[in-house]
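Before any comments, here is the structure.
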């Protein structure tokens, strides 16, 4: 490979990280400073800047920044462009694995560096940086840094299992180590939760890896670059591994192999998984997976590759527990005793299925664990041994074979009782504090002004978001109209671009119907919102927000858009404004408290009905 021909580039997020500021600050620099470096690559929504030019600009303006050796190595990799980035990250993994922990010696040996360069396709400048980074951090930490940056840069394309979920799956399926298979291993997130051969702290108290000896990983990944990265990460952890690139369902890399345990986070909702060419495959022991049930093909593939008595931990979409097309296979898994647990990990997240390959002549269990962990993963392992949480299999074998935790998961009496008591306590403690307001016989006759006049006087500045802002994900948090209505933090996200309006504490952000004073920085203004930035030496923000909110509330439903500049407010001293502002603020707080109390009341009612209906709660005499 020829050496890279252009300098490293950085995006707005990189610049913010180097300078120790928020991304919105970088957007402001671009907008306010004509001499800020111009993009040299990328797109209009994701521009890239030359690192050297950015460093020079930051230095010229006296802004502190720090480009670490690790960042320089990463930017050097990125300079190749997105099409080459994955291949180069994989090659860097091979290079670092060959260095091991001897990076200091290699960095001073030019001949050896050239040999490694030829073997891994990396240019001399990059191998030098990588060798120096290895000497500084060690090969494993150096590569994990590069992988973290790679995942960050490709967060939309790469699906990565949460580390806490991966650790839970490994503990459940492979508590004693041994040979572990991951047939959809991605970048090896699941196998990396296994104890490293050179890390006794992760083993038992005697320092043995795992609880039962050496760990060996077999993995398959459909994308070759990801497979190479996975292999390098495992090698640098000292874990013996064989990683093969290919589609595990269509081209099984380990036919006939049965591992001690299988862990898997397969792709969801793939209709082109191989239904037509695999209809007669011997792996479908529990039934031919329907065309739209690729996840049930993965379940049976995993069971095929585990020894009798071995465990499988696999993530599944929530719908897989109840879709009508899969009921026959779910029923067969239950009858055979292969399916042992279905756990919803968190609301809107995947379900965790725990399976066990039956041993010959073994009597199937009569029940199964079905539970909603409600986001608390620490509850899962103890629940496996709690009898009160189990559901009888015979009760599940109806026409639907619906295994959804939302429908079947029993609540322990203590759990429901605690939940009800906690909800009742929170509901009763919800504070709804109304302001003390004096009632007047006649409205005060006060001189008035308008927001438009305040703008002309320079006391208020009105700002709006770019007219074509997209909210399809990105690096910059966006405050949306729904956030303002609910009094919530920024829920939107966009990419850095010119014209974004950074929201600052004390700003008033308004929709057509409400207005709120912002208390925290870090977000930008979203569509359909207007920002009013007051000179707080002359205008109180809560005073301004209160009258904007009152004006919006008086607009009849269905009326055309109102001109907020015509909003009238009294001419008052700053001290008098603050008195009004405090009253408006307390009304806004009261509104939020009522909203919270309503939500708590709905929870209390739901738990009360549920507990009284199933006998877990009883009326007080």
Open item on the list: Between 255, 267, which is free of Cβ contacts under 8 Å to residues at least 24 places away in the same chain and either within 20 Å of residue 168 (Cβ to Cβ) or surrounded by fewer than 16 Cβ atoms within 10 Å (Cβ to Cβ) (or both)?
Closed with: 255
- [ ] Output yes when any residue across region 488-506 is outside any loop (DSSP other than H, G, I, E, B), touching a residue at least 60 places away in the same chain (Cβ under 8 Å) and within 23 Å of residue 567 (Cβ to Cβ), and no when none is.
- [x] no
TODO: Mind telling me which of the residues 329, 314 ends up being in a strand (DSSP E or B) and within 23 Å of residue 390 (Cβ to Cβ)?
DONE: 314
Task: Residue identified as over 16 Å from residue 12 (Cβ atoms) and under 31 Å from the mean Cα position of the chain (by Cα) among 76, 52 - done: 76
Open item on the list: I need the full set of residues from region 426-453 which are under 18 Å from residue 599 (Cα atoms), at pLDDT 75 or above and surrounded by 12 or more Cβ atoms within 10 Å (Cβ to Cβ), in order please.
Closed with: 427
TODO: Filter region 512-526 down to residues that are closer than 23 Å to residue 590 by Cα and buried (at least 19 other Cβ atoms within 10 Å of the Cβ) and give me whichever is modelled with the lowest pLDDT.
DONE: 514
Open item on the list: Can you find a residue that is at pLDDT 90 or above and part of a strand (DSSP E or B) anywhere in region 533-546?
Closed with: yes
- [ ] Using the structure shown, decide if residue 509 is modelled with pLDDT of 90 or more, surrounded by 17 or more Cβ atoms within 10 Å (Cβ to Cβ), in a loop (DSSP other than H, G, I, E, B) and assigned by TED's automatic domain parsing to the domain that holds residue 462.
- [x] no
- [ ] Just need a number here: residues in region 465-495 that are over 17 Å from residue 25 (Cα atoms), surrounded by 15 or more Cβ atoms within 10 Å (Cβ to Cβ) and in contact with a strand residue (DSSP E or B) (Cβ under 7 Å, 6 or more places away or on another chain).
- [x] 5
- [ ] Spot the failing condition for residue 347; the list is (1) exposed (fewer than 14 other Cβ atoms within 10 Å of the Cβ); (2) in contact with a strand residue (DSSP E or B) (Cβ under 6 Å, 6 or more places away or on another chain), and only one is missed.
- [x] (2)
Task: The listed residue being more than 30 Å from the chain's Cα centre (by Cα) and surrounded by fewer than 22 Cβ atoms within 10 Å (Cβ to Cβ), out of 374, 362 - done: 362
Open item on the list: List pairs: first residue in region 598-610 and within 11 Å of residue 426 (Cα to Cα), second residue at pLDDT below 80 and exposed (fewer than 12 other Cβ atoms within 10 Å of the Cβ) anywhere in the structure, Cβ distance under 7 angstrom, at least six positions apart or on different chains.
Closed with: none
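Condition check ((1) at pLDDT 80 or above; (2) surrounded by 16 or more Cβ atoms within 10 Å (Cβ to Cβ)) across all residues:
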| position | (1), (2) |
| --- | --- |
| 164 | yes, no |
| 203 | no, yes |
| 210 | no, yes |
| 215 | yes, yes |
| 218 | yes, yes |
| 229 | yes, yes |
TODO: Could you tell me whether region 558-578 includes any residue that is touching a helix residue (DSSP H, G or I) at 6+ places or on another chain (Cβ under 9 Å), surrounded by 13 or more Cβ atoms within 10 Å (Cβ to Cβ), modelled with pLDDT of 90 or more and under 30 Å from residue 429 (Cβ atoms)?
DONE: yes
Task: Qualifying residues in region 384-419 (those that are modelled with pLDDT under 80 and more than 30 Å from the chain's Cα centre (by Cα)) - the one farthest from residue 580 (Cα to Cα) - done: 387
TODO: Among what's in region 39-77 and is free of Cβ contacts under 8 Å to residues at least 24 places away in the same chain and within 20 Å of residue 466 (Cα to Cα), pick the residue that is surrounded by the fewest Cβ atoms within 10 Å (Cβ to Cβ).
DONE: 43
Open item on the list: For the structure I just gave you, tell me whether residue 275 is modelled with pLDDT of 95 or more and either over 28 Å from the mean Cα position of the chain (by Cα) or assigned to a loop (DSSP other than H, G, I, E, B) (or both).
Closed with: no
TODO: Look at residue 310 and say whether it is in the same structural domain as residue 216 (by TED's automatic domain parsing), crowded, with 22+ Cβ neighbours inside 10 Å and in contact with a strand residue (DSSP E or B) (Cβ under 8 Å, 6 or more places away or on another chain).
DONE: yes
Open item on the list: Can you find a residue that is touching a helix residue (DSSP H, G or I) at 6+ places or on another chain (Cβ under 8 Å), at pLDDT below 85, in the same structural domain as residue 296 (by TED's automatic domain parsing) and outside any helix (DSSP H, G or I) anywhere in region 172-182?
Closed with: no
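The values are calculated or read from the model by the stated rules, or taken from the named source; none is laboratory data. Here the structure is a predicted model, which is why all the values come from computation and not from measurement. Every residue, glycine among them, receives a Cβ derived from its backbone with ideal geometry; neighbour counts consider all protein chains shown.
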